[in-house]
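Novice: I have a structure here, written as structure tokens, and I will follow up with some questions on it.
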Amino acid sequence: MKAEMKQPAEKPGEMTPTGISFYEKRKKIFAKGVRGYFDNWRIALVLLTQIIFYGGLWLEWNGRQALLLHLVERKFYIFGTVFWPQDVIYLSALLIVSAYGLFLVTAIAGRLFCGYACPQTVYTQLFMWIENWIEGERNARVKLDNEPWTPRKLRIRATKHGLWLLLSLWTGFTLVGYFTPVKELIENVRTNNLGSWEIFWIFFYGGFTYLMAGFMREQVCKYMCPYARFQSVMFDPDTLIVSYDTERGEQRGARKKGVDVKAAGLGDCIDCGLCVQVCPTGIDIRNGLQYECIGCAACIDVCDPVMDKVGLPRGLIRYSTENALAHHMTRQDIFRHIIRPRILLYTAILLLITILTTWFLAHRIPLKVDIIRDRSTLAREADDGQIENIFTLQIMNTEERAHHYKIKVDGLPGVSIAGVDEVDVPAATLQSFMTVIRAQPEAGNKGANPIHFEIVAAENDDIKVREKASFMLP
């Protein structure tokens, strides 16, 4: 008979290896609805961003979709401008401007983007509006969640999730509609002729919208979003953040009407807990700045009316800075401290990149040319004794109107075009053709000699490109 091995008894306060947990168990958050100044701004931005997103693909320009990133044709249509793969520099500039814009906003006022315009926040807000409409306010949702499964609960939950799925799939469809012309996409859906990648992205993006906004919510902000982790690098003591005035609020606690608050040693905070109930990430702002705070200011909107009811000044929770709270700064002092070296540097870089990008975009020549010399026949002698080189010209008309181009060549004495010297290129099209260049054998040195092609639009002399090439002499 084998002796049983007994586990040593735990000492008071000691945790055994089996009791160690590296992850916090999720507590389901039932955020209470709130109305106020900052919530109105959030609603406005949610509506604005979604009107742009859902409505943008239905705009038309010159008989086509105004906003279309056509991957098959490798053309990006942005209203009257057509971008080609060769214009990737503008995409880089856009990403840099967006990054520095985010750095600037964060350095000035913390996580405003997270609280008002981040897609995770926006779609979570949309899903919560549906949830509140179907299940009711916070107390009703808590009660429903604790109820056993009944036909009523099943009907309510099925309705909510059905609407969530419809919104998610429409979101996925809208995203794909920016890469495949939406009218063509609708026809493909109607005829059950969707491509495999279109099906994948509709369900992939729609599925992630459903998962992130419907279930994960604050988990995305707390654990998945990298911005929450490195935001502290962009913060400093003069950054505006949602702040609880500890000096004014503590000692917190409930009080009866007519009680001398000072004699009782109480601060302005009545410890109602509403600031925690409205927080979408479930934190208590009274514990100080936390990386989970997305700066939505819902706690400010709920606290100010409470202060009104108890006859105390507003602003117990407010947008402020660490320096302002520590040194009792006025609003004017706070604004004066916004202008500091970091802000000036971010602003200068942002303005410089924006101005340069705008200037280059405004002066962008809607013509691109690529010249390729035929390498199978480096040089050959014509019947009249001249030396011929064959070139392939790829002329890209990036405007949405056709152009007639004239081709000229120079760089060697007597060099001329013996082949095609004029070409019509339709709107937003790449045209390739071959032409023959001739020169006398004594026009240059043996081997490669530099020449230049000049392609000019017949309708507008300002639309021209000069490209270098090599002419081979035996």
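The values are calculated or read from the model by the stated rules, or taken from the named source; none is laboratory data. What you see is a predicted model; the values in this text were computed from it and never measured. With ideal geometry, Cβ positions are generated from the backbone for all residues, glycine too; neighbour counts draw on all protein chains shown.
Novice: Restricting to the stretch 440-462, what's the tally of residues that are at pLDDT below 90 and either part of a strand (DSSP E or B) or in contact with a Cys (Cβ under 9 Å, 6 or more places away or on another chain) (or both)?
Specialist: Total satisfying the criteria: 5.
Novice: Still on this model: Can you say whether Tyr100 is of a type in the set (Ser, Thr, Tyr), under 14 Å from the mean Cα position of the chain (by Cα) and at pLDDT below 90, as far as the supplied structure shows? Before you say what the answer is, go through the steps one by one.
Specialist: Working: of a type in the set (Ser, Thr, Tyr): yes; under 14 Å from the mean Cα position of the chain (by Cα): yes; at pLDDT below 90: yes.
The answer is yes for Tyr100.
Novice: Within the set of pairs 6 or more residues apart or between chains, which connect a residue that is in contact (Cβ under 8 Å) with a residue 24 or more places away in the chain inside the stretch 103-124 to a residue that is basic (Lys, Arg) and surrounded by fewer than 20 Cβ atoms within 10 Å (Cβ to Cβ) with Cβ atoms less than 6 Å apart?
Specialist: If the second residue must be basic (Lys, Arg) and surrounded by fewer than 20 Cβ atoms within 10 Å (Cβ to Cβ), the pairs left are Ala107/Arg342.
Novice: Mind checking which residues of the stretch 393-430 are part of a strand (DSSP E or B), out of contact with any Phe, Trp or Tyr (no Cβ under 9 Å at 6 or more places or on another chain) and touching a residue at least 24 places away in the same chain (Cβ under 8 Å)?
Specialist: Correct list: His403, His404, Tyr405, Lys406, Thr429.
Novice: Now for a different question. May I ask you to verify whether Asp268 is among the charged types (D, E, K, R) and crowded, with 18+ Cβ neighbours inside 10 Å?
Specialist: yes
Novice: Would you mention how many residues in the stretch 49-70 are of a type in the set (Phe, Trp, Tyr) and surrounded by 15 or more Cβ atoms within 10 Å (Cβ to Cβ)? Let's see the steps before the verdict.
Specialist: Initially, the stretch 49-70 is screened for residues of a type in the set (Phe, Trp, Tyr), giving 53-54, 58, 61.
Okay, now just the ones that are also surrounded by 15 or more Cβ atoms within 10 Å (Cβ to Cβ), so 53, 61.
Residues in the stretch 49-70 being of a type in the set (Phe, Trp, Tyr) and surrounded by 15 or more Cβ atoms within 10 Å (Cβ to Cβ): 2 in total.
Novice: State whether one or more residues within the stretch 215-232 are without any contact (Cβ under 8 Å) to a residue 40 or more places away in the chain, surrounded by fewer than 15 Cβ atoms within 10 Å (Cβ to Cβ), farther than 28 Å from His337 by Cα and in contact with a Gly (Cβ under 7 Å, 6 or more places away or on another chain).
Specialist: no
Novice: Still on this model: In the stretch 114-128, is there at least one residue being within 30 Å of Phe235 (Cα to Cα) and not in a helix (DSSP H, G or I)?
Specialist: Checking the stretch 114-128: at least one residue is within 30 Å of Phe235 (Cα to Cα) and not in a helix (DSSP H, G or I).
Novice: Let me ask another. Just one of (1) surrounded by 12 or more Cβ atoms within 10 Å (Cβ to Cβ); (2) more than 32 Å from the chain's Cα centre (by Cα); (3) within 21 Å of Gly267 (Cβ to Cβ) trips up His328, so point out which.
Specialist: Status for His328: all satisfied but (1).
Novice: When you scan the stretch 45-74, how many residues do you find that are modelled with pLDDT of 90 or more and either touching a helix residue (DSSP H, G or I) at 6+ places or on another chain (Cβ under 9 Å) or part of a loop (DSSP other than H, G, I, E, B) (or both)?
Specialist: Step one: filter the stretch 45-74 for residues modelled with pLDDT of 90 or more, giving 45-60, 65-69.
From what's left, either touching a helix residue (DSSP H, G or I) at 6+ places or on another chain (Cβ under 9 Å) or part of a loop (DSSP other than H, G, I, E, B) (or both): 45-46, 49-50, 53-54, 56-59, 65-68.
So the answer is 14.
Novice: Could you list all residues from the stretch 125-152 that are without any contact (Cβ under 8 Å) to a residue 40 or more places away in the chain and within 28 Å of Leu289 (Cα to Cα)?
Specialist: First, pick out the residues of the stretch 125-152 that are without any contact (Cβ under 8 Å) to a residue 40 or more places away in the chain: 129-131, 133-136, 139-140, 143-144, 146-152.
Of everything in the stretch 125-152, those that are without any contact (Cβ under 8 Å) to a residue 40 or more places away in the chain and within 28 Å of Leu289 (Cα to Cα) turn out to be Trp129, Asn139.
Novice: Are any residues in the stretch 380-401 touching a Ser or Thr at 6+ places or on another chain (Cβ under 8 Å) and small (Gly, Ala, Ser), and if so, which ones?
Specialist: none
Novice: Being part of a loop (DSSP other than H, G, I, E, B), in contact with a helix residue (DSSP H, G or I) (Cβ under 7 Å, 6 or more places away or on another chain) and within 18 Å of Phe203 (Cα to Cα) is the filter here, so list the residues in the stretch 147-186 that pass it. Don't jump to the end; show me each part of the working.
Specialist: Start the filter on the stretch 147-186 by keeping residues that are part of a loop (DSSP other than H, G, I, E, B), which leaves 147-150, 178-181.
If we keep only those that are in contact with a helix residue (DSSP H, G or I) (Cβ under 7 Å, 6 or more places away or on another chain) too, we end up with 147, 180.
Selection gives Thr180 alone.
Novice: Can you find, within the stretch 184-214, the residue that is surrounded by the most Cβ atoms within 10 Å (Cβ to Cβ) among those that are of a type in the set (A, V, I, L, M, F, W, C), farther than 20 Å from Leu71 by Cα and touching a residue at least 12 places away in the same chain (Cβ under 8 Å)?
Specialist: Here is the first cut: in the stretch 184-214, the ones of a type in the set (A, V, I, L, M, F, W, C) are 185-186, 189, 194, 197, 199-204, 208, 211-213.
Those left that are additionally farther than 20 Å from Leu71 by Cα: 208, 211-213.
Narrowing further to those that are touching a residue at least 12 places away in the same chain (Cβ under 8 Å): 212-213.
Numbers: Met212: 19, Ala213: 25.
This residue is Ala213.
Novice: Continuing with the same structure: Out of the stretch 245-286, which residues are without any contact (Cβ under 8 Å) to a residue 40 or more places away in the chain, in a helix (DSSP H, G or I) and under 30 Å from Lys25 (Cα atoms)? It would help to see each step written out before you state the result.
Specialist: So the first thing to find is which residues in the stretch 245-286 are without any contact (Cβ under 8 Å) to a residue 40 or more places away in the chain, and the list is 250-267, 271-273, 276, 283-284.
So of that shortlist, the ones also in a helix (DSSP H, G or I) come out as 261-264, 276.
The one that is without any contact (Cβ under 8 Å) to a residue 40 or more places away in the chain, in a helix (DSSP H, G or I) and under 30 Å from Lys25 (Cα atoms): Val276.
Novice: Have a look at Cys275, Cys303, Cys296, Cys279 and point out the one that is in contact with a Leu (Cβ under 8 Å, 6 or more places away or on another chain) and either at pLDDT 90 or above or assigned by TED's automatic domain parsing to the domain that holds Lys468 (or both).
Specialist: Working: Cys275 fails: in contact with a Leu (Cβ under 8 Å, 6 or more places away or on another chain); Cys296 fails: in contact with a Leu (Cβ under 8 Å, 6 or more places away or on another chain); Cys279 fails: in contact with a Leu (Cβ under 8 Å, 6 or more places away or on another chain).
The unique qualifying residue is Cys303.
Novice: Which residues, taken from the stretch 415-461, are under 16 Å from Ile365 (Cβ atoms) and exposed (fewer than 13 other Cβ atoms within 10 Å of the Cβ)?
Specialist: Scanning the stretch 415-461 gives Ala458, Glu459, Asn460, Asp461.
Novice: Which of the residues belonging to the stretch 334-368 are of a type in the set (S, T, N, Q) and surrounded by fewer than 14 Cβ atoms within 10 Å (Cβ to Cβ)? Show your work before the answer.
Specialist: From the stretch 334-368, those of a type in the set (S, T, N, Q) are 347, 354, 357-358; that's our starting set.
Hit for the stretch 334-368 is Thr358, nothing else.
Novice: With (1) surrounded by 11 or more Cβ atoms within 10 Å (Cβ to Cβ); (2) farther than 18 Å from Leu104 by Cβ; (3) modelled with pLDDT of 90 or more as the list, and Pro313 as the residue in question, which single condition is left unmet?
Specialist: Going through the list (1) surrounded by 11 or more Cβ atoms within 10 Å (Cβ to Cβ); (2) farther than 18 Å from Leu104 by Cβ; (3) modelled with pLDDT of 90 or more, Pro313 breaks only (1).
Novice: If Ile371 meets every condition in (1) part of a helix (DSSP H, G or I); (2) surrounded by 11 or more Cβ atoms within 10 Å (Cβ to Cβ) apart from one, which number is that one?
Specialist: Status for Ile371: all satisfied but (1).
Novice: Inspect all residues belonging to the stretch 390-409 and state whether any of them is hydroxyl-bearing (Ser, Thr, Tyr) and over 46 Å from the mean Cα position of the chain (by Cα).
Specialist: From the stretch 390-409, those hydroxyl-bearing (Ser, Thr, Tyr) are 392, 398, 405; that's our starting set.
If we keep only those that are over 46 Å from the mean Cα position of the chain (by Cα) too, we end up with none.
Checked against the condition, which is being hydroxyl-bearing (Ser, Thr, Tyr) and over 46 Å from the mean Cα position of the chain (by Cα), the stretch 390-409 yields no hits at all.
Novice: Would you pick out the residues in the stretch 287-320 that are outside any helix (DSSP H, G or I) and charged (D, E, K, R)? Walk me through how you get there before you give the answer.
Specialist: At the first step, the residues of the stretch 287-320 found to be outside any helix (DSSP H, G or I) are 288-297, 310-320.
If the condition is that a residue be outside any helix (DSSP H, G or I) and charged (D, E, K, R), then Glu292, Arg314, Arg318 are the ones that fit.
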